[in-house]
Structure formats: C-alpha cells, structure tokens
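The values are calculated or read from the model by the stated rules, or taken from the named source; none is laboratory data. Note that the coordinates shown come from a computational prediction; the quantities given were computed from them, not determined experimentally. Backbone-built Cβ (ideal geometry, glycine too); neighbour counts: all protein chains shown.
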Amino acid sequence: MLAPIAWRTPPEHYGPWESVASLLTEGLVARGVDVTLFATLDSVTAATLDGVCPHGYAEDAALDGRVWEALHVSHALARSGEFELVHNHLDWLPLAFDRHARAPMVTTIHGFSGAGILPAYARSRSAFVAISDSDRYAGLDYAATIHHGIDLTMFPYRASPGEQLVSFGRIHPDKGTADAIEIARRARRRLVICGIVQDERYFAEAVEPHVDGDQVVFLGSVGPQRRAEVLGDAAALLHPVHFDEPFGLSVVEAMACGTPVVAYRRGSMAEVIDEGVTGYLAHDVESSAAAVGAAAALDRAAVRARAAARFGADRMVEDYLRVYEALTRSASTSPSGA
C-alpha cells in the first residue's frame, strides 16, 4: 500500500488521501490480508510499516516534498517484487516509474491536479480506480469506480443538532468558503468554518473580514474527535464547491452524523447526495440559501442510515478486494506472469 507522505497515515487533522489509504489498509489487515504500508515513518498501522520519510513534509518546511516523494516511491518499487500487488495512492509519480514495478499496480485516482499530469497516466500499465463516475477521464480505462468509505464509529449519530451551519474543507476558492458565508447570512444562521488555509490571499480578503466569533466562527483545522463534534452539531453542511469535486469526504462524514448537506451540483455531488433524503443540490448562493430550511428539516436518522448503507468502510474494502482478485488472477494467467 503506497500512501502519500504529505501527512502521517492516518493524518492527525488534514489529509484525505492518507485517510483513505489508512482505512483501506486497516480493513484489509482485519480480513487477514498481509499488507505492507509504505508511508511516513511516524504512521500508525496494524500492517507492516516501511518507508524513508520521517514525517509528513507538509508539516516540516525543511523537507522538500519533491525529493522525499521520489525517495519514497523509489524505495517502495525497489521492494515491489516481494508482493502480489502494489496499490498506489500517490498520484502520477509512481506511474512514471511503473515499468520498474515487479508486481501489478492499481492506482486510485484521488483527483487530477491538472492536465499536465495526464501523460503519466496515459503511458502507464497500472489499472485505475475512479472515486466517482463523474471523475472518470474519457481517455483512460478503469477497472472500477469505488466510492470512498469511512469509519462510521468515528462519526456517531447526532439526533439533536444546533441551529448553526458548517463549512468543512480547505480554505480555497475551489471550496467556496466565501459563498458559504453568504449562504449562511441569507439563511440567517450562524456559520462554523473548519479547514486548513490553503490560499492565504483568499482567506485574508474573502473570509477573514467576516469572521466575528459570533455569526461566523473560524476554528481552523480540527482533528478527528472535534471533526465529528462539529459536523454532528450542525443543522446542515454547506458545500458550495466551485470545481468538479472528485468525491467529498466531509460530505459523507457529515451525513454519517445525521447532518444533511446543501451542495452545488458539481462533480460527484449528484452521486454522493441522495436528493431529498441526505440533502439538496443547488446552483448558486440564492438557491442554496433557499434549500437550507428544507435540508435542516430532513429526517436525520434517515440521513445516517443512507450514509451507513452506502459509505461504510467495509463496503469499500470489499470493493477493492474484488479489484485485487481480478488483477492478480489476470496477472497469473498472462503469458509473462505479470
């Protein structure tokens, strides 16, 4: 299991790709699969841990992420002949060197950072898994679409929330934090904002001036326990994304707490949200504000039940096991055996 190394696996606060790699690893180990997790050396896992990077480079300015990712991939692929399968969660870099892999590779495409990385995908021998049908790129063949799963025990059901809304995700124009502030204002509800500041200028100009500690509260990045509390305490999650969201973990995490979602109809949102059951899809600030009341009135127990049925970690693990079995079976019957 080749995890990213921007953060620890599992991350202590932010790190969605690391979160998925961790949850999948632990689920596989629980089923008796022999897994070696290649991650930062301070990672926590029931699998065998290996790696070269001492801790997440995003947390340490002294670590050059480009260098440590290259060392990380090189170290893992040098050992690839010891395994039946390599599962890549590290985007394009391992694909550039996948001809050095001595085992079949499957890559979960967590999201394209830009068209410039596509040559690495187009030339790769790796099998690909999409995290939503909407995120499939027309020029690639996919082994499957597998929606992310979450550890439902980390997001307990909250039957009686507060009246406030929550915006949860990195502070960046893509995530529409400023839109969330305006939606909450029009809906006449308090807003709690959580997330790392990824765009400092956007935060300073479009977000921070509205933060008053009363109607608009900014908590920054919060860890797993606080995450569940904040999401579960909200009447609804606002997710007014300005890009085609590949999946949206915070959307599923909110729903697991029973908290419905109001999101812009972009990317995977129509796949993840069951409209009228777990939330509503909107197009702009005005339609989102109008949907807040209806979302807050949804049956929170039904929201939780639908999220548990569709997005539990066990379902994700089983889906990946089917892909693994198909790939290893294909490799064993191919003329070269790989």
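In table form, for the structure just shown:
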quantity	calculated
Subset of the stretch 69-127 that is acidic (Asp, Glu) and without any contact (Cβ under 8 Å) to a residue 60 or more places away in the chain - its residue that is surrounded by the fewest Cβ atoms within 10 Å (Cβ to Cβ)	GLU82
Some residue of the stretch 247-267 being under 18 Å from the mean Cα position of the chain (by Cα), buried (at least 19 other Cβ atoms within 10 Å of the Cβ), modelled with pLDDT of 95 or more and among the basic types (Lys, Arg)	yes
Those residues of the stretch 76-94 which are under 18 Å from GLU18 (Cα atoms) and in a helix (DSSP H, G or I), in sequence order	ALA76, LEU93, PRO94
Qualifying residue in the stretch 278-301 (condition: in the same structural domain as VAL241 (by TED's automatic domain parsing), in contact with a Ser or Thr (Cβ under 8 Å, 6 or more places away or on another chain) and surrounded by fewer than 19 Cβ atoms within 10 Å (Cβ to Cβ))	no
Test: LEU238 is under 30 Å from LEU28 (Cα atoms), of a type in the set (A, V, I, L, M, F, W, C) and either in contact (Cβ under 8 Å) with a residue 40 or more places away in the chain or in a loop (DSSP other than H, G, I, E, B) (or both)	no
Test result for VAL20, among the hydrophobic types (A, V, I, L, M, F, W, C) and within 22 Å of ILE109 (Cβ to Cβ)	yes
Number of positions in the stretch 141-153 that are surrounded by fewer than 21 Cβ atoms within 10 Å (Cβ to Cβ) and under 17 Å from LEU327 (Cα atoms)	5
Meets criteria (of a type outside the set (Lys, Arg), over 26 Å from ILE109 (Cα atoms) and not in a loop (DSSP other than H, G, I, E, B)) for LEU219	yes
